[in-house]
1. Looking at the range A:243-274, which of the residues that are among the acidic types (Asp, Glu) and without any contact (Cβ under 8 Å) to a residue 12 or more places away in the chain is farthest from A:Ala204 (Cα to Cα)?
2. Could you please tell me which pairs satisfy a Cβ distance under 7 Å, a separation of 6+ or placement on different chains, a first residue in the range B:145-164 that is facing chain A (nearest Cβ under 7 Å), and a second residue that is crowded, with 23+ Cβ neighbours inside 10 Å and of a type in the set (S, T, N, Q)?
3. Within the range A:123-155, which residues are crowded, with 24+ Cβ neighbours inside 10 Å, under 13 Å from A:Ala174 (Cα atoms) and polar (S, T, N, Q)?
4. Could you check, for the range A:165-179, whether at least one of its residues is assigned to a helix (DSSP H, G or I), touching a Cys at 6+ places or on another chain (Cβ under 7 Å) and either within 14 Å of chain B (Cβ to nearest Cβ) or surrounded by 21 or more Cβ atoms within 10 Å (Cβ to Cβ) (or both)?
5. Just one of A:Ala199, A:Ala127, A:Ala184, A:Ala117 is under 24 Å from B:Val108 (Cβ atoms) and either more than 7 Å from every other protein chain (Cβ to nearest Cβ) or outside any loop (DSSP other than H, G, I, E, B) (or both); which is it?
6. Is it true that some residue in the range B:231-252 is surrounded by fewer than 16 Cβ atoms within 10 Å (Cβ to Cβ), among the acidic types (Asp, Glu) and at pLDDT 85 or above?
7. Just one of (1) within 11 Å of chain A (Cβ to nearest Cβ); (2) under 22 Å from B:Phe142 (Cα atoms); (3) surrounded by fewer than 24 Cβ atoms within 10 Å (Cβ to Cβ); (4) not small (Gly, Ala, Ser) trips up B:Cys85, so point out which.
8. For the range B:175-206, which residues satisfy the criterion of being modelled with pLDDT of 90 or more, of a type outside the set (D, E, K, R) and closer than 20 Å to B:Ser77 by Cα?
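The values are calculated or read from the model by the stated rules, or taken from the named source; none is laboratory data. For clarity, every value in this text was computed on a predicted model and none was experimentally measured. As a convention, Cβ positions derive from the backbone with ideal geometry for all residues, glycine included, and neighbour counts pool all protein chains shown.
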2 protein chains.
Amino acid sequence: MATHERIETALAVALKRATKKPSPPKLSQALRHAVLDGGARVRPQLCLAVAHACGDRDESELVSATAAAIELIHCASLVHDDLPCFDNADLRRGKSSVHAAYGEPLAVLAGDALIVAAFETLAMCSAGNPIRANSLLVDLAFATGAPNGICAGQGWESESEIDLSAYHRAKTGALFVAATRMGARAMGENPEPWETLGAKIGEAFQVADDLRDALLDTEELGKPAGQDAVHDRPNAVAHLGVQGAVKKLDTILEGAVESIPPCEGEATLQAIVRHQAERLVPVGVARYVA
Amino acid sequence: MATHERIETALAVALKRATKKPSPPKLSQALRHAVLDGGARVRPQLCLAVAHACGDRDESELVSATAAAIELIHCASLVHDDLPCFDNADLRRGKSSVHAAYGEPLAVLAGDALIVAAFETLAMCSAGNPIRANSLLVDLAFATGAPNGICAGQGWESESEIDLSAYHRAKTGALFVAATRMGARAMGENPEPWETLGAKIGEAFQVADDLRDALLDTEELGKPAGQDAVHDRPNAVAHLGVQGAVKKLDTILEGAVESIPPCEGEATLQAIVRHQAERLVPVGVARYVA
């Protein structure tokens, strides 16, 4: 099965479980809207790539569930981040945000239910290896909640003094680190050596996101552009300028490739990271760089 | 250790983990505000009572974690239910609601982080019995998310046509059923025979809550009174009148006591349920009943 298809299939299983009777129909629609059609699936792709590098050849069900769980948490965070009290964004992934389409109550509930679905997806898949599944659940909680996960990361935006390092590590880094750690862990490997790869890719993704937010327009972006400036959020473009940010992105990605631990699929994974890196750089960035 | 102390200790462990460095300070405060000082802890008490009836004499750590996880989910649901887009309640448990004290963004995040903390609490406690811990995690997800959990229950309030039975079963019943099922499961017992007890107590609690909402004032209640009428929510008092609702409460509770499966601590548990039942009935209700 192609990687893309594998991720969509695992997400469909989780969504089918969450939207079956007697779920209220509009909540079911909001859940499908939040997850299907439009995500780049960067984090689950990374998770599967690491699992493959660690020897996943027969498409382990636990690996698929791990990738899906990470993406479900990411979808939940997008739904809640778009709420009026945060970014108040009407557009996401080139279509209406969940609260714009279904109202705030269902957006809050859809985000909550997706967090639950992520943990459920892993717990339901524990039969073959309950100890490993439990470790994966602990990893997922670490990356999602407080004090180290994306909830804590977003929480820094309510502080008058921001710990910038903790902010970025938690808000964007945590789920990328989870993707590499959990990809390895799901294959029975020690997750520690995989942490740097996730952290570096997360850092690169944050810089690329800052560049896209600053350089692309709303239509190209599929979500409201220029939001870092509007919300006065700390970002690489304000800090380093466009050229400085692009240079930083290159340095980080080289560090990411170098950090890949020796493993069966090392060369393939290096190629995947380099390929993903090219997709990260905003299309319009060439006109700003000499 | 007294039951009350056991619950508070287990909650304190979870909170300490979620609020340690590098958590943003205000989010940590919001998390403590949401959980500490003021909860009646009805659901974890029920969970511990069932575990005790099933033979929990040495205060199993997994049982304590189970009770705490259920209460964390309940606290999360209160934080989100109080948001302006739902009940818009400024008062909860006799003090400010989380969004009134810390703002909407931190209330959304605190609710999210508490859901995560609940699953983390169970997953962290799996060492002694990973298979049992995984089953408990599946139970918790069932009671929390969609299609059967409290998220789905709340979701019915966004529908023009409400499936009343599914609404009550999910919105209030799910966590009570989780409390009895998971109390038994944490002790290695079959959870199925314990389901009716949880369902009946959940039903009784809903009727009692409707009575309190209709009969008590905001100060007595510790949260805004008369909300069912304001939000035109289906409720037992509107449907049956005060006397009818009180009679229904009695019938349900008698059914609850009768449903208790034969077990070591059957008599004690019957006494606990009867005692809790007396606490359920609003103080002012006597003046409405002949």
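1. Per the criteria, the residue is A:Glu258.
2. Close Cβ pairs satisfying both conditions: B:Ala146/A:Ser23; B:Pro147/A:Ser23; B:Cys151/B:Thr144; B:Ala152/A:Ser23.
3. Matches in the range A:123-155: A:Thr144, A:Gln154.
4. yes
5. Result: A:Ala117 is the single residue among A:Ala199, A:Ala127, A:Ala184, A:Ala117 that is under 24 Å from B:Val108 (Cβ atoms) and either more than 7 Å from every other protein chain (Cβ to nearest Cβ) or outside any loop (DSSP other than H, G, I, E, B) (or both).
6. Yes, the range B:231-252 contains a residue that is surrounded by fewer than 16 Cβ atoms within 10 Å (Cβ to Cβ), among the acidic types (Asp, Glu) and at pLDDT 85 or above.
7. (2)
8. Quick first cut of the range B:175-206, residues modelled with pLDDT of 90 or more only: B:175-204.
Still in the running and of a type outside the set (D, E, K, R): B:175-180, B:182-184, B:186-188, B:190-191, B:193-194, B:196-199, B:201-202, B:204.
Result: B:Leu175, B:Phe176, B:Val177, B:Ala178, B:Ala179, B:Thr180, B:Met182, B:Gly198, B:Ala199, B:Ile201, B:Gly202, B:Ala204.
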